[in-house]
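The values are calculated or read from the model by the stated rules, or taken from the named source; none is laboratory data. Everything quoted here is computed from the prediction, not taken from an experiment. Cβ sites come from the backbone with ideal geometry, for glycine too, and all protein chains shown count toward neighbours.
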Amino acid sequence: MPCGTEVYLYTLTNKIGASVSVSTYGGYITSIIVPDKDGKLGEVVCGFPTFEGYLKDTCYIGATVGRYANRIAKGKITVKGVEYTLPVNNGPNCLHGGVGYSFRVFDAETTANNKLALSLISPDGDQGFPGTLKLKVIFSWNEACELTMQFIASSDKDTVANFTNHAYFNLKGEGSAMDHELYLNCDKFLPMDECSTPLGEMLSVKGTPMDFTTPKPIGKEIDNFDFVQLKYGKGYDHCFVGNKKEYGELSLLGRATEKTTGRTLEVLSTLPGVQLYSANWLNSEEPGHFGKRYEEREAFCLEAQYFPDSPNQSGFNNVILKAGQQYDQTIIFKFS
């Protein structure tokens, strides 16, 4: 780091040579290498070959985000009757916790069974959030090419908590990702205003470009700006409501397939929602894995999470993490 703090890169590898690399800076997933239909190993996430790329990154390319992933309207939350002011860094919104955990250096611990635990302590008042929060993210990689991320957190005061990983996927490695076929196990989505702030409603996807309940290319209807939701986001940047039987159930949120390589990604989680982001604003100062700077729509994100702006929306899930209680949620990226 510019301040002299050392940063480490850890790589978890299985018996076929498929691997995941994670940085202690920002909890970034810097690389995921998995086989295609012919067994050829290849890169499937955006990332940088040098640390400088991450220091200059403004798009959270593979980052662990928190204390609150996604947007909080007007940078205001109320906890136990007290209003707290957060940084506003995305129009009128606080995005991904302000100068959040994506910009911090985590402590690391490894185990013999292909697990990496990253941890940090976020002090009371950090970016305006109440409570000293302790976070541990456990990454595990198995022989079936499943990356499991378990997010465990606790606080000494009531606070809000919502963590995810912001990996950008392209299952063929490079080029436009809008030809990937996507299925979302989501019958509803959260409409937003022109500032990308949720309106507090849950609308049916049926009969709209938001309907991925039958698989279709991500880009098939992405430029239908007559549908105002796509106009607001310059494409997809919306949270979808998972079809879950019960709260906290580990279930499939989405599945993406790339036909030329035969690769498939499934995203499963205990969390209730998934943000589909079609990388409408993706850009990078530094060249990525394939020697070129990243440009818009050359990837997609499926970010499992609590709903954005939940602290201010009475109809959304309760995201208050009470003092002494434990936050424990899981996200799985499953490749085949």
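Could you tell me which of the residues GLY128, GLY175, GLY91 is under 30 Å from GLY262 (Cβ atoms) and either out of contact with any Lys or Arg (no Cβ under 7 Å at 6 or more places or on another chain) or buried (at least 22 other Cβ atoms within 10 Å of the Cβ) (or both)? Steps first, answer last, please.
Numbers: GLY128 fails: under 30 Å from GLY262 (Cβ atoms); GLY91 fails: under 30 Å from GLY262 (Cβ atoms).
Just one listed residue meets the conditions, GLY175.
For region 281-294, state whether one or more residues are hydrophobic (A, V, I, L, M, F, W, C), farther than 20 Å from TYR232 by Cα and out of contact with any Phe, Trp or Tyr (no Cβ under 8 Å at 6 or more places or on another chain).
Quick first cut of region 281-294, residues hydrophobic (A, V, I, L, M, F, W, C) only: 281-282, 290.
Then drop every residue that is not farther than 20 Å from TYR232 by Cα, which leaves 290.
If we keep only those that are out of contact with any Phe, Trp or Tyr (no Cβ under 8 Å at 6 or more places or on another chain) too, we end up with 290.
Yes.
Scan region 73-92 and report the pairs whose first residue is touching a residue at least 40 places away in the same chain (Cβ under 8 Å) and within 14 Å of ILE320 (Cβ to Cβ) and whose second residue is of a type in the set (Phe, Trp, Tyr) and not in a loop (DSSP other than H, G, I, E, B), with Cβ atoms within less than 9 Å and a gap of 6+ or a chain change.
What qualifies is ILE77/TYR68; ILE77/TYR84; THR78/TYR84.
Looking at ASN318, ASN312, which is the one that is surrounded by 14 or more Cβ atoms within 10 Å (Cβ to Cβ), polar (S, T, N, Q) and within 17 Å of THR159 (Cβ to Cβ)? Spell out how you get there, then give the answer.
Details: ASN318 fails: surrounded by 14 or more Cβ atoms within 10 Å (Cβ to Cβ).
Only one candidate qualifies: ASN312.
Kindly provide the set of residues from region 149-172 that are surrounded by fewer than 17 Cβ atoms within 10 Å (Cβ to Cβ) and of a type in the set (S, T, N, Q), ordered by number.
Matches in region 149-172: none.
Based on what the data block shows, is GLY53 assigned to a loop (DSSP other than H, G, I, E, B), in contact (Cβ under 8 Å) with a residue 24 or more places away in the chain and within 20 Å of the chain's Cα centre (by Cα)?
Numbers: assigned to a loop (DSSP other than H, G, I, E, B): no; in contact (Cβ under 8 Å) with a residue 24 or more places away in the chain: yes; within 20 Å of the chain's Cα centre (by Cα): yes.
Taking the combined requirement at face value, the residue does not satisfy it.
Can THR11 be described as buried (at least 20 other Cβ atoms within 10 Å of the Cβ) and in a strand (DSSP E or B)? Give the derivation first.
Values: buried (at least 20 other Cβ atoms within 10 Å of the Cβ): no; in a strand (DSSP E or B): yes.
Criteria not met by THR11.
Does region 2-44 hold any residues that are on the phi > 0 side of the Ramachandran plot and either of a type in the set (A, V, I, L, M, F, W, C) or touching a residue at least 60 places away in the same chain (Cβ under 8 Å) (or both), and which are they? Explain how you work it out, then say what you get.
Step one: filter region 2-44 for residues on the phi > 0 side of the Ramachandran plot, giving 4, 17, 26-27, 39.
Listed by number, the residues that qualify are GLY26, GLY27.
Just need a number here: residues in region 281-322 that are over 17 Å from SER196 (Cβ atoms) and either in contact with a Pro (Cβ under 6 Å, 6 or more places away or on another chain) or of a type in the set (A, V, I, L, M) (or both).
8
Quick one: is VAL241 touching a Gly at 6+ places or on another chain (Cβ under 7 Å) and either at pLDDT 95 or above or closer than 30 Å to GLY26 by Cα (or both)? Full working, then the answer.
On the way: touching a Gly at 6+ places or on another chain (Cβ under 7 Å): yes; either at pLDDT 95 or above or closer than 30 Å to GLY26 by Cα (or both): yes.
Yes; evaluated as a whole, the condition is true for this residue.
Within region 14-30, restricting attention to residues that are within 22 Å of THR257 (Cβ to Cβ) and more than 15 Å from the chain's Cα centre (by Cα), which residue is surrounded by the most Cβ atoms within 10 Å (Cβ to Cβ)?
Quick first cut of region 14-30, residues within 22 Å of THR257 (Cβ to Cβ) only: 14, 16, 18-20, 29.
Those still in the list that are more than 15 Å from the chain's Cα centre (by Cα) too: 14, 16, 18-20.
Numbers: ASN14: 16, ILE16: 12, ALA18: 22, SER19: 16, VAL20: 25.
Of everything passing the filter in region 14-30, VAL20 is surrounded by the most Cβ atoms within 10 Å (Cβ to Cβ).
I'd like the full set of residues that are touching a residue at least 24 places away in the same chain (Cβ under 8 Å) and either under 21 Å from GLU303 (Cα atoms) or basic (Lys, Arg) (or both), limited to region 114-141. Show your work before the answer.
If we filter region 114-141 for residues that are touching a residue at least 24 places away in the same chain (Cβ under 8 Å), which is where we start, we get 114-116, 118, 122, 124, 126-133, 135, 137, 139-141.
Hits for region 114-141 are LYS115, LEU116, LEU118, LEU135, VAL137, PHE139, SER140, TRP141.
Just checking, does region 223-234 include any residue being within 15 Å of TYR277 (Cβ to Cβ) and among the basic types (Lys, Arg)?
First, pick out the residues of region 223-234 that are within 15 Å of TYR277 (Cβ to Cβ): 229-230, 232-234.
Filter once more, so that each one left must be among the basic types (Lys, Arg): 234.
Scanning region 223-234, I find at least one residue that is within 15 Å of TYR277 (Cβ to Cβ) and among the basic types (Lys, Arg), so the answer is yes.
Condition check ((1) modelled with pLDDT under 95; (2) buried (at least 17 other Cβ atoms within 10 Å of the Cβ); (3) aliphatic (A, V, I, L, M); (4) more than 30 Å from ALA18 (Cβ to Cβ)) across all residues:
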site	(1), (2), (3), (4)
ASP124	no, no, no, yes
SER140	no, yes, no, no
HIS180	no, yes, no, no
ASP193	no, no, no, yes
MET210	no, yes, yes, yes
